[in-house]
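The structure appears right after this line, and notes come after that.
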Amino acid sequence: MDVQTWTFIIVGLTFAIYIGVAIWSRAGSTSEFYVAGGGVPPVVNGLATAADWMSAASFISMAGLISFMGYQGAQYLMGWTGGYVLLALLLAPYLRKFGKFTVPDFIGERYYSQTARLVAALCALFISFTYVVGQMKGVGVAFSRFLEVDFEWGVVIGVGIVFFYAVLGGMKGITYTQVAQYCVLIFAYMVPAIFISIMMVGTPIPQLGLGGDLADGTALLAKLDQLSTDLGFKEYTSSKKTTIDLFFVTAALMLGTAGLPHVIVRFFTVPKVSGARVSAGWALIFIALLYTTAPAIAAFARTNLINTVNEKEYAELPEWFNNWEKTGLLTFEDKNADGIVQYYNDANPEYVTSVAAPKGWKGNELTVDRDIMVLANPEIASLPGWVIALVVAGGLASALSTAAGLLLVISSSISHDILKKWLMPEISEKGELRAARIAIAVAVVIAGYAGINPPGFVAQVVAFAFGLAAASFFPAIVLGIFSKRMNMQGAIAGMIVGLIFTATYIIYFKYGGGTPEQYWFGISPEGIGTLGMLINFVVSISISQLTPPPPAHVQDIVENIRIPRGAGEATGH
Amino acid sequence: MSEKNLKQYWKTNVRYLTILLSIWFVVSYGCGILFADALNAFKIGGYPLGFWFAQQGSIYVFVVLIFIYVYLMNNLDKKYDVDEK
């Protein structure tokens, strides 16, 4: 069977499973719709959180990015896992004890203010929406490359599937579909990694393989350092010239993770406070499985690529090279017309004058899109067709599961935080449930449309979503739990200053013509959320000291969420 | 639970948090970023040590930290009789 037939079979099969699960787990009440009735066992919630968390960026792009960044890729590896420690220790158990449906719910009640609730709801909407558009785009790409349907139709099919199970099942349906999606995506990620690890370093465990020895007895990483410097790149494992920026970007990703509403809300679904703690641990184990494999895939793929392609006759390259050339994601331009591929760092002037020019090289001839490192990996390693099909299904699972989680936050912000708690407090539970379904349906359609015609800002979604979450939600929630003295004035001022500072910095440097030379302390827009968070903390604490303490009943809420006993089912009232 | 007990319980919790988050910080930002270059002089297996912390070790430590906290807090909840039945 050819790859395309396999892809149709495997993708079709996984979609049938998702739909089956969705029908089995329909939601009947707002509690089931928003937080799956608060009855999800911690391990199951861990699985769902992992699928919710790992987006198309984790599955498809991350290993490729690391492959070209080397050591610096650690900012994604640590940044997108370290936040779970903050979640488990500082946020999840207390928010679970608080026992409401959404993050704006907590902000609104803890700071006894509709303004705070509204600011939080709008932040949640903005963060989730920019994020979901990227997922839809990922779905379209995966479909158009492997099923040879148009990009637009790829997005439409993706929208149709998410529409079906999110509208029907709400959080309950999403949770159990995410469990299935985690299984698909982790299997799809591990199988090629294990095969390649066995072929290259003779161990089935990629995490050990990365530190293993090649057939000729040299360590893989030493070999890769050698290959990199031979081509004018910096050593793969070298951490020299580590900047303050790496520190700030890593911190912004961690703090952002802990402040993202679609991650936090998952911990409202477990039955107990102790369950929320251990559930964060399970989630991180399931995430770590992929995140510790990614750097191995990155190193394997980079070594393979250099060995297979560099200084080889173009006419004799393997078939996968030509296949990917057709997509335009891999290009070869024979600048010195010798019919041989020269791949090297032509931005390194010293290397160009001392090595490249004397050999008659006229510039780097190979351009590789980072996204293909994971997708092309099975082909590069000549694995069978079903493995390639599996990777496609895994990529789709990662994009769909994240999209569904985000759509739920969008829907609950509209139907619960804005309608029920602000505009239409008299709405019945049935009415609210209907509003939630309509909101999610509209959100899916808009996200699909935006995925086909992405607005310009979406490319920078990561900087925005993480930066804003770090600078707004994280400090407001942590202070709300750990400081009884924190009041409405402090929290609102902190959130607004943090948001405006971070957004202004990102907009100025991404769209307003700012240049990297003007970065404050060398901090890039991706890392500025960390500074925004510090500013938020300082502003919140100073303002709260100058204004009256919060009322007694709010101080009682804080006392109450600090002890686990008495956590009932999450309620909307 | 009495006022005094609650204070005690919370103080112990905050002490656990401080210790565990210090380890979290030292391992990721210390070993993985600030001192990675110096640690790269050492090897574990085929890994330079700083590189290992940055791309593998810190993640394992994160997982372990969460489960230590779970264990400590489950005991603490029982000791102060605030656990969920």
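Each reported figure results from applying straightforward, stated rules to the coordinates on display, with no laboratory input. Here the structure is a predicted model, which is why all the values come from computation and not from measurement. All Cβ positions, even for glycine, are placed from backbone atoms using ideal geometry, and neighbour counts span all protein chains on display.
Here are some notes:
- Computed [θ] at 222 nm, helices only, for chain A once each DSSP H run of length n ≥ 4 contributes -39500 (n - 2.57): -22000 deg cm²/dmol
- Crossing angle, helix B:3-25 versus chain B [Cα axis fit, 0-90 degrees, rounded to tens]: 10 degrees
- Residues in the range A:471-478 carry Karplus couplings, in order, of 7, 10, 5, 4, x, 4, 6, 4 Hz; the curve used is 6.51 cos²θ - 1.76 cosθ + 1.60 with θ = phi - 60°, and Gly or Pro positions show x.
- From its DSSP helices (H runs of at least four residues, each -39,500 (n - 2.57)), chain B gives a residue-normalised ellipticity at 222 nm of -20000 deg cm²/dmol.
- Förster-model FRET efficiency, 25 Å R0, A:Leu122 and A:Leu13, C-beta, rounded to 0.05: 0.05
- Cα centroid of the range A:510-573 to Cα centroid of the range A:15-93, whole Å: 23 Å
- Extension reserve of the A:Thr5-A:Trp520 stretch, reckoned as 0.36 nm per residue once the Cα distance is removed: 180.1 nm
- Each of A:Lys100, A:Lys234, A:Lys172 was scored by other Cβ atoms within 10 Å of its Cβ. Listed from fewest to most, they are A:Lys234, A:Lys100, A:Lys172.
- Length available on full extension from A:Ser382 to A:Ser354: 0.36 nm per residue minus the Cα-Cα distance, which gives 6.5 nm.
- 30 Å Cα-Cα threshold exceeded, pairs from A:Lys362/B:Lys43; A:Lys335/B:Lys43; A:Lys100/B:Lys7; A:Lys172/A:Lys510; A:Lys223/A:Lys510; A:Lys137/A:Lys172: A:Lys362/B:Lys43; A:Lys335/B:Lys43; A:Lys172/A:Lys510; A:Lys223/A:Lys510
- In degrees, nearest ten, helix A:114-146 long axis to first principal axis of chain A (Cα): 30 degrees
- Nearest-0.05 FRET efficiency for A:Thr218 and A:Glu152, computed from C-beta distance (R0 41 Å): 0.25
- Across all directions, the average flat footprint of the convex hull enclosing the Cα atoms of the range B:3-79 is 5.7 nm².
- Relative contact order [Cα under 8 Å, 6+ residues apart], chain B, whole percent: 30 percent
- Formal net charge of residues neighbouring A:Glu109 (Cβ-Cβ distance under 15 Å; K, R +1; D, E -1): +4
- Dividing the Cα radius of gyration of the range A:114-263 by 2.2 N^0.38 Å, with N the residue count, gives 1.46.
- Helix A:385-412 and the longest principal axis of the C-alpha atoms of chain A enclose an angle of approximately 20°.
- Sites A:Leu534 and B:Ala38 - FRET efficiency at Förster radius 25 Å, r taken between beta-carbons, to 0.05: 0.40
- Distance between the modelled labels on A:Ile244 and A:Phe482, one decimal in nanometres: 2.3 nm (7 Å Cα→Cβ projection).
- With coordinates expressed along the principal axes, the C-alpha atoms belonging to chain A extend over 78, 53, 42 Å, beginning with the largest.
- Residues in the range A:4-41 reached by a label modelled at A:Phe187 [backbone nitrogen below 13 Å; 7 Å Cα→Cβ]: A:10-18
- Range of Cα positions in the range A:202-278 per principal axis (Å), largest first: 54, 35, 16
- For peptide B:22-33, the mean count of partner chain Cβ atoms within 10 Å of a residue's Cβ comes to 4.
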